[in-house]
Amino acid sequence: MSYSPELERGYRRLLACYPRSFRRENADEIIGVLLATAAEDQRRVGPAESADLIRGALRMRLRPPGRPPGAVLGAMRLMCAGAVASVALLITMVVTTGDLKSAILALDPAFTAAQWHGVLVELAVREWCAPLVVFVWLWLAWANGRGRNWARLALGAWFIFLVLNTLSSLAQGVALVAPADFAVGVVECLIAATATSLVFTRRSWLYYQPEPVRY
Amino acid sequence: MQEATFLILTALADGSQHGYGIITEVAQISGGRVRLRAGTLYTALDRLRADKLIEVDREEIVEGRLRRYYRLTPSGTTVLSAEAARLHANATVALKRLRLAGGMAT
């Protein structure tokens with residue numbers, strides 16, 4: 001085909017979607033192949049080519065740099081399950097708000113409207129924080145999948161936070177008035193505990209490097 | 001193993017190839033049925049290199065552009081052989097059963 005600077009610029013714009021390290025090593029080579037496979041007199045990047053390059057860029061960005069060992073993969077799945085459990089906790093909180101008041105009044109008939117207002121405020125804060133909790137789970141799964149050493153330390157810290165949060169709920173009597181919420185919170189703690197133990201196994205250790213290696 | 005991966009490894013089975021060469025080889029091997037695009041190819045090549053199934057054989061500069069040749073590693077050869085044997089065994093059983101059922105001419 002006849003060389004078109006416009007076409008090359010179009011390819012380079014799409015390649016900008018790829019991770020920088022991949023681009024640095026492969027961009028010139030890929031441009032060469034793209035130009036070699038372009039149609040005669042082609043001046044613009046076609047929709048199918050664009051879709052293929054964008055799909056490739058997404059895969060490159062979302063997947064881990066190497067295949068994580070089974071223990072890390074298991075931990076990643078558990079962290080995704082943690083995100084699902086957080087959504088389940090949010091739904092449980094919303095659905096059981098009505099039952100909560102009657103459960104509290106059954107235990108403490110002197111419970112005042114002002115105290116109930118305080119409970120509602122706490123519930124609202126927890127519900128608004130739920131998307132953030134889901135994000136933290138998914139972010140930890142992503143970072144651990146990429147072999148970031150700090151990510152497993154962050155997972156350990158997250159586990160401790162969840163345990164403290166659950167103990168705090170226990171101290172407030174949540175287990176008595178909202179057993180479903182408490183049960184889901186305990187499940188989250190167990191998920192975090194198992195995932196943390198998996199990322200600190202001997203087989204996982206080698207995967208976590210200060211700087212993940214790319215080829 | 002995905003078909004594209006199998007075909008890329010097959011394209012490298014009898015010697016090293018550069019990116020464009022792999023695309024043409026894959027098209028030829030598949031009888032024109034599979035036409036790899038550059039994005040798909042290089043995502044697969046990156047994964048195969050990370051898994052140490054292929055490696056860079058050599059690099060050349062052709063018309064001012066980098067041309068990198070890839071080849072199978074011993075591990076890649078083993079994986080491809082195992083996958084080919086598996087597909088062959090499955091195909092053999094399928095053909096045998098079809099013959100027994102009279103579903104195809106012998």
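Bear in mind that the values in this text are calculations on the coordinates, not laboratory data. As the structure is a computational prediction, the values presented were derived from the model and not from experiment. Don't worry about glycine lacking a Cβ; one is built from the backbone with ideal geometry, like all the others, and counts go over all protein chains shown.
Subtract the Cα-Cα distance of A:ALA124 and A:SER197 from 0.36 nm times their separation in residues, and report this length gain in nm to one decimal. Walk me through the numbers on the way to the answer.
Details: separation 73, 0.36 × 73 = 26.28 nm, distance 3.24 nm.
Contour length minus Cα-Cα distance gives 23.0 nm.
Net charge near A:LEU120: determine it from the other residues with C-beta under 12 Å of the C-beta of A:LEU120, scoring Lys and Arg +1 and Asp and Glu -1. Before the final figure, lay out each step's value.
On the way: positive: A:LYS101, A:ARG126; negative: A:GLU122, A:GLU127.
That works out to 0.
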How many percent of all Cα-Cα pairs in the range A:5-62 sit more than 14 Å apart? 51 percent
Simple label model, 7 Å out from Cα along Cβ direction - B:ALA4 to B:HIS88, nm: 2.7 nm
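FRET efficiency for A:VAL174 and A:ALA113, Cβ-Cβ distance as r, R0 = 22 Å, nearest 0.05? Write out the running numbers ahead of the final one.
Working: r = 20 Å, r/R0 = 0.91.
In this case the efficiency is close to 0.65.
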For the range A:1-46, state which chymotrypsin sites (Phe, Trp or Tyr not before Pro) are in a DSSP loop and have at most 13 other beta carbons lying within 10 Å of their beta carbon. A:TYR3
Neighbouring partner chain Cβ atoms per residue of A:49-58, average, 10 Å criterion: 4
Convex hull over the alpha-carbon atoms of the range A:1-142: what's its volume per residue in Å³? 163 Å³
Kirkwood Rh in Å, taken over chain B so that all alpha-carbon pairs contribute: 15.1 Å
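Dividing the convex hull volume of the Cα atoms of the protein assembly as shown by its residue count, what figure in Å³ per residue is obtained? Intermediate results must be reported in sequence, preceding the final value.
Numbers: hull volume 70.1 nm³, N = 321.
About 218 Å³ per residue, rounded to a whole number.
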Are there any trypsin sites (Lys or Arg not before Pro) in the range B:1-44 that are in a DSSP loop and have at most 14 other Cβ atoms within 10 Å? List them by number. B:ARG33, B:ARG35
Excluding A:ALA51 itself, what net charge comes from residues whose Cβ is under 15 Å from its Cβ, given Lys and Arg +1 and Asp and Glu -1? +4
For a protection proxy built on the mean count of beta-carbon atoms within 10 angstrom, sort B:18-29, B:58-69 highest first, please. B:18-29, B:58-69
